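The values are calculated or read from the model by the stated rules, or taken from the named source; none is laboratory data. Everything quoted here is computed from the prediction, not taken from an experiment. Don't worry about glycine lacking a Cβ; one is built from the backbone with ideal geometry, like all the others, and counts go over all protein chains shown.
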Amino acid sequence: MKIDIDDFKIQLLVITVLLFSTLLLRDVYITHLIILCMIYSAVATNWNIVSGYTGVMHIAQQPFFVAGGYISGILTVKLGFPSIIGILAAACIALLFSIAIGAISLRVKGIYLLLITLAVRLIMLSFILYFIEWTNGDTGILLPPIEVLGLKINQFNAIPSFVFAYLLMVASLILVKVIVDSKLGLAFISLRDSEVYAISRGINPYRTKLTAFVLSSWLTGICGAFYGHYLGTIGPWDLGWSLLVTLLASMVLGGLGTLFGPVLGSFVLVFLNEYFRPLQLLRPSIYGLLLISTLILLPNGLISIFEKLRTRTHDNLLKIKGFAVKVSKNEKNG
Amino acid sequence: MKEKMKTKRCAISTTYAAVALVAVIIILGGIYLTYNNSQKTVTDDETDDMRDIKLGMPMGFTGPYAAIAEDSRDAMLLAIEEINYAGGILGHKIVPIIEDEENCEAGIVSSVFTKLITREKVDFIMTHFGNPSCSEYDIVQEYEVPYISGGFVQTAESVFNENPGEYSYVYLGQPSYSLYQTRFPDYIDELIDEEKWEPTNNKFCVIKRQNEYSLYIANGMRDYLLGMGWELTFDELFPEAIVEDWSSILSKIRADPPAIVVNTMWTVSSDALFLEQFLADPTPSLLYIQSTPTFPDWQEIVGESADGVLHCYGIKKVVSSDPYVIKFKEKYGRSPSPYGLVCYDYVYLMKQAMELAGDPFDSEAVADAISRINMPGIMGIYEFDPDSPDGKLLKGGGAKIPFPVFQMWDTTNYMLYPDEVNEREFVIPPWYEAGLEKYGPD
Amino acid sequence: MNNMNIIILAIINGFVLSSMYAIASLGLTLQWGVLKVLNFSHGLFMTWGAYIAYWIIAVHGGSYLIALPSAIITSFFMGFLLYYLVIGPLQERSKTEIVSNVFIGTLAVSIILENLVLIIFGGRYKGISTIVPGFTNILGAQVSNQQILLIFLGPLCFGVLFYFLSRTRLGMAVRAVAQDNVGAAIVGIDSKKVFAFTVSIGSCLAGLAGVLLGAYYYLSPQMGSSPLITALFVLVLGGMGSVKGTILASYIIGFIDAFSRFYIGNFWADPILFAIFILVILFRPQGLYGVK
């Protein structure tokens, strides 16, 4: 029996085994980092739907994420609703938010779209600081743990949090896979590759891109809510450049338009950042240098290392078995 | 094209997959086994006698609070050096474990605290401030590590008030800031009563920033002054940003000159620019500027132009001839800022608590002992106030932490009030006369 | 103080702010127009310009006569390095993802540059002396001589740049590459060299803006972030890539900024600018003079 390593289910299984085996280490710190990585992966994977597969680069993902956190925070803390309602509301509000932002932003393209979403971030920050009775301004909201099925989920309950974060990540991956395999996904990719041709084939670019926006936002909202409850707090710092770079770089460095690229990207970035922490003051410079070199040397993302390894392994395996390795024209260009 | 690459399939046999999986499990298991061993810092052979006291110092060295983090760390390191030289705490040396929290966002703060507690196994954590929402309180409480923080007093107060008894391991090394709201107005009252100053009118204006410290002090002082019969000309709120251009504010001030200007922006560059632009065409007003006059970089930038500026601060006067300032300057080549003063005291506070508890490694005893400390420091005499929220804050006012009102002359702050700390008389600021001429009552 | 005085102050303020915005934005618009990339490390180049001036003036006691040219020349070389090490390679390697790659790439550069400032100079605020001390009385309002200098510097830079672009051979090469770099190549212009030169010139304008910001305000490692945002606004309003548009937009935004602070209040001045920003992008993305 042959195991098809390109099969999505096998890939998911490998990742699941790897992730859950880290629980065996029983190291609170590592588990905490991995939970954060999984959330960042989930957000980056959702972001990939719009920026990777549809080719629309924007930075509105962070507002969706933070909006989710704040909605859940306001509902649970200021209005006394249970956390489940908070999470569901986070998904809904993030969805509505994405419709609004998408409707406005998608009227323009390229750098202009990026700049509108930049302005949205800044405006959101002003709103958070202004509506101080609801958001506590620069202090942030302290959130209670999520209570579901008799379990409490926050950073002191590692296993339930781990499972929740894992489910969010897998849900995002499954969402992307389903989209990519569908006709809608084909529409997205065709818009990225050649919008003119796509339009000529009858695809409405505005509506399709808006769909992409909406599909990518609801899970992000839930991730934001989880993030808030897990850490116990949500605040204007979550809209800062630090988190933006982490999320954006996870997606871009991991591999735009690839399924597991953002996952790989976020794990590599978070762990590298932690690994470099002993460098103290020099850490940001080394981090920045690494970002730039990866962008230049691996323009298709970190995940392309796997592709290259696989091609080589495939060829080597064939050589071992005695087959001559013919490099076809397709392989060379592909 | 990416599409084409994906359709190339690579199938491997079950045996290869099984071998790979087993290899992964062996590697991970190996890591687990070796890792768990390295975690043990205290084996059964090593007794508590040989252990060092690990002090966790998580601060935002590479973010917007870098200057504060730098000063706090340097102050703590100086204290640690002194204590270790004198024999340590109950014979144990202190080892600083410094971690960078970047911009103090919640994700990084929780990662750093978790690392300090579960990996480095620190015995105590100390910082000038953590995350603005005080989310790290839950972490130190969960893992039972004593923690002293110096920041975000209003948030801390509300956290303690809403959860009495919950945070036995957390202490705030600051007094309540309520005195900031009343100290200066009370002093003005005294000045007027003793006829040391005759205000041109009974008006005042307030300038504040969208930030809890600024709002608390500004709004509190405003309401207190209003209650005393003063009249408010304007109350300007700025967003959370550096303000570079003060012309709009200054034109309001010049249009209707108030006798008192209350500025709680507490940012070095904003306040320096305000002073500079005010002095270009001053009004006969007393200037009250919160907090920044105690910062050495502000003193350096504005120099003697700040003569006459008034402010109120928790820290007692610290002169350049102060032995601590000399020590700090010698070691680091610059003057300490207020954070670089208070954090020095925190280390000594920890020392006293550990000595009172008798065992530096008995976290519960140490945490409890903190509430019983009584020692002199930069702010005054430190003692935790049982009447403060959950008893977690220091006692402010009176003999403990007097909250003096200062006036600045020659880049030095002189204490004017209350009487117990008075060292100089109030003098009308140099710009006042010019202001009177141009804007005074005819 | 009567209303007339307030208006005069607001107008003078408007001119000063506009001038500074102009210098800060010209470099950015030039880089966008020629390379079609947005250099997000532009703010940090301003910061570095300021700190170089600080180093010369405050640490070594030099004067502005040495500090200004030094800052400009150093920024020029830093821009040169920026092109050959970061922007150039990214332009070659990434076709479809160039917007995001350059965005992250220049963000990474700004992380590195800010970190270096922190390590070398520390996090505390620094100040440098005014360029020209003293005050003058204009129509009853006290104006500092430094403000007067700033009012003239903006148009001066614009004038020099305009002359350079329209009258010199190198300037025309720059315009050619901006218009159509394939066409320019056909005519024999090495677009790579033009790109490098453009980034360098843009960076030295940033350095100059930084020195002025440092002299007018104060220095800190984060001082470049809000000028960058303002420069983006100016760019969008004026038309990205249009020098004429940028200068006009910087005056519009400078005056809106100055007057809204006087008449609407400081808290809402920023959100109003954000709203204008979004409206311009939505309804006239080519700005005033830009090409769509």
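Annotations for the structure displayed:
- Residues (closer than 20 Å to residue B:373 by Cα, touching a Pro at 6+ places or on another chain (Cβ under 7 Å) and assigned to a loop (DSSP other than H, G, I, E, B)) located in the range B:149-206: B:169
- Residue within the range B:216-234 that is in contact with a Gly (Cβ under 8 Å, 6 or more places away or on another chain) and at negative phi present: no
- Entry remark, the range B:230-273: residues being among the hydrophobic types (A, V, I, L, M, F, W, C) and in a loop (DSSP other than H, G, I, E, B) number 8 in total.
- Filter result for residue B:139 (within 24 Å of residue B:365 (Cα to Cα) and within 14 Å of chain A (Cβ to nearest Cβ)): yes
- Flag if residue A:64 is away from chain B (no Cβ under 14 Å) and under 27 Å from residue A:250 (Cα atoms): yes
- Apart from one condition, residue B:321 fits all of (1) modelled with pLDDT of 90 or more; (2) in a loop (DSSP other than H, G, I, E, B); (3) not hydrophobic (A, V, I, L, M, F, W, C); the exception is (1).
- Checking each residue in the range B:258-285 for being closer than 24 Å to residue C:6 by Cβ, hydrophobic (A, V, I, L, M, F, W, C) and more than 9 Å from chain C (Cβ to nearest Cβ) picks out B:259, B:260, B:261, B:262, B:265, B:274, B:275, B:278, B:279.
- For the range A:136-171, filtering for residues that are of a type outside the set (A, V, I, L, M) and within 11 Å of chain B (Cβ to nearest Cβ) leaves 11.
- Failed condition for residue B:406, given (1) touching a strand residue (DSSP E or B) at 6+ places or on another chain (Cβ under 7 Å); (2) surrounded by fewer than 22 Cβ atoms within 10 Å (Cβ to Cβ); (3) touching a residue at least 24 places away in the same chain (Cβ under 8 Å): (2)
- Answer from C:120, C:138, C:186, C:151 - the residue that is surrounded by fewer than 22 Cβ atoms within 10 Å (Cβ to Cβ) and out of contact with any helix residue (DSSP H, G or I) (no Cβ under 9 Å at 6 or more places or on another chain): C:186
- Flag: residue B:255 matches the condition of being under 17 Å from residue C:10 (Cβ atoms), of a type outside the set (S, T, N, Q), within 13 Å of chain C (Cβ to nearest Cβ) and without any contact (Cβ under 8 Å) to a residue 12 or more places away in the chain.
- Checklist (1) within 11 Å of another protein chain (Cβ to nearest Cβ); (2) within 25 Å of residue A:230 (Cα to Cα); (3) under 19 Å from the mean Cα position of the chain (by Cα) applied to residue A:90, failing item: (1)
- The number of residues in the range B:428-442 being surrounded by fewer than 20 Cβ atoms within 10 Å (Cβ to Cβ) and assigned to a loop (DSSP other than H, G, I, E, B) comes to 5.
- Hits in the range A:12-41 - residues which are surrounded by 20 or more Cβ atoms within 10 Å (Cβ to Cβ), among the hydroxyl-bearing types (Ser, Thr, Tyr) and either away from every other protein chain (no Cβ under 11 Å) or without any contact (Cβ under 8 Å) to a residue 24 or more places away in the chain (or both): A:41
- Residue, nearest to residue B:250 (Cα to Cα), within the range C:252-268, restricted to residues that are more than 8 Å from every other protein chain (Cβ to nearest Cβ) and buried (at least 21 other Cβ atoms within 10 Å of the Cβ): C:257
- Condition check for residue A:277: surrounded by 14 or more Cβ atoms within 10 Å (Cβ to Cβ), among the basic types (Lys, Arg), farther than 18 Å from residue A:254 by Cβ and modelled with pLDDT of 85 or more: no
- Considering residues of the range A:110-135 that are within 14 Å of chain B (Cβ to nearest Cβ) and touching a residue at least 40 places away in the same chain (Cβ under 8 Å) only, the residue nearest to residue A:237 (Cα to Cα): A:125
- Test: residue B:268 is at pLDDT below 90, in contact with an Asp or Glu (Cβ under 9 Å, 6 or more places away or on another chain) and closer than 30 Å to residue C:130 by Cβ: yes
- Test: residue in the range C:134-141 that is closer than 27 Å to residue B:281 by Cα, touching a Phe, Trp or Tyr at 6+ places or on another chain (Cβ under 8 Å) and not aliphatic (A, V, I, L, M): no
- Residue C:208 being away from chain B (no Cβ under 14 Å), in contact with a helix residue (DSSP H, G or I) (Cβ under 6 Å, 6 or more places away or on another chain) and surrounded by 23 or more Cβ atoms within 10 Å (Cβ to Cβ): yes
- Filter result (within 25 Å of residue C:132 (Cβ to Cβ) and facing chain B (nearest Cβ under 7 Å)) within the range C:216-225: C:217, C:218, C:220
- Tabulated pairs, the range C:101-129, first over 18 Å from residue A:295 (Cα atoms) and away from chain B (no Cβ under 11 Å), second of a type in the set (Ser, Thr, Tyr) and surrounded by fewer than 23 Cβ atoms within 10 Å (Cβ to Cβ), C-beta under 7 angstrom, 6+ apart or interchain: C:116/A:285
- Output for the range C:212-227, where each listed residue is more than 17 Å from residue B:245 (Cα to Cα) and crowded, with 24+ Cβ neighbours inside 10 Å: C:221
The rows are residues; the columns are (1) at pLDDT below 90; (2) farther than 26 Å from residue A:260 by Cβ; (3) surrounded by 15 or more Cβ atoms within 10 Å (Cβ to Cβ).
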residue: A:108; (1), (2), (3): yes, yes, yes
residue: A:112; (1), (2), (3): yes, yes, yes
residue: A:136; (1), (2), (3): yes, yes, yes
residue: A:143; (1), (2), (3): no, yes, yes
residue: A:150; (1), (2), (3): yes, yes, no
residue: A:153; (1), (2), (3): yes, no, yes
residue: A:173; (1), (2), (3): no, no, yes
residue: A:197; (1), (2), (3): yes, yes, no
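- In the range C:275-286, the residue that is nearest to residue A:131 (Cα to Cα) out of those that are in a helix (DSSP H, G or I), at the interface with another protein chain (Cβ under 9 Å from one of its Cβ atoms) and touching a residue at least 12 places away in the same chain (Cβ under 8 Å) is C:277.
- Scanning the range A:72-95 for residues that are over 17 Å from residue A:43 (Cα atoms), crowded, with 24+ Cβ neighbours inside 10 Å and not polar (S, T, N, Q) gives A:73, A:86.
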